[in-house]
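The values are calculated or read from the model by the stated rules, or taken from the named source; none is laboratory data. Quick caveat: nothing in here was measured; it's all calculated off a predicted structure. Please note: Cβ atoms are built from the backbone with ideal geometry, for glycine as well, and neighbour counts cover all protein chains shown.
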Amino acid sequence: MSTSNAPAFTELLHAAGEGDRGALDALFVRVYDELHQIAHRVRGGGGAAPPTLNTTALVHEAYLKLVPSSFQDWQNREHFFRLAARAMRQVLLNAAKARRAQKRGGGNFAVTLGDSIQSAPVRPAELIALDEALDRLAMLDPRSAEIVELRYFAGLSVEETAAVLRVSTPTVKRSWRTARAWLLQEIQQHDA
């Protein structure tokens with residue numbers, strides 16, 4: 001099917017929401033490459049995913065979380081990728097919790113709140129602490145929490161995050177800077 005004749009993303013969302021399995025399959029094909037690129041950036045060549053959870057596994061696990069999440073409520077492409085970021089966060093958090101539960105510990109995860117997508121090793125417990133701090137931030141400043149989720153867990157650039165949230169690039173930069181500082185302070189206070 002040529003791109004000019006391909007149904008719009010929103011049309012596929014609505015058709016999938018009405019139970020059209022073909023539309024759901026077409027939607028997966030359409031977003032698969034983008035989800036794979038996001039997962040690769042999140043992993044950062046080893047990134048936040050544990051060694052046993054490769055990029056493809058992260059994409060598939062995230063997609064499996066998305067499908068039962070009442071896809072008929074997906075409003076548009078941006079909304080879909082916001083939910084994808086949340087799904088990747090949940091997959092990574094579940095993997096961190098599983099690794100932490102292992103008797104011998106479970107290695108480090110590469111996570112960062114820096115401007116670069118490349119990551120520095122952090123223990124699963126620190127990933128869990130970040131998740132908890134991010135939940136607290138969401139109660140105070142939902143948009144900043146969503147910016148962190150999109151930048152960190154979906155690996156989106158400042159520009160991509162601005163486009164998804166339909167805000168300006170300077171707004172994303174400012175919120176990202178403030179949220180990082182708040183989260184780091186929050187994590188340090190809870191570790192003390």
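Taking each residue of segment 143-155 that is under 11 Å from PHE81 (Cα atoms) and among the β-branched types (Val, Ile, Thr) and looking for partners that are surrounded by fewer than 22 Cβ atoms within 10 Å (Cβ to Cβ) and modelled with pLDDT under 90 with beta-carbon atoms closer than 8 Å, six or more apart or interchain, yields nothing. Of the residues LEU165, LEU150, LEU156, LEU140, the single one that is closer than 20 Å to LEU35 by Cβ and more than 13 Å from the chain's Cα centre (by Cα) is LEU165.
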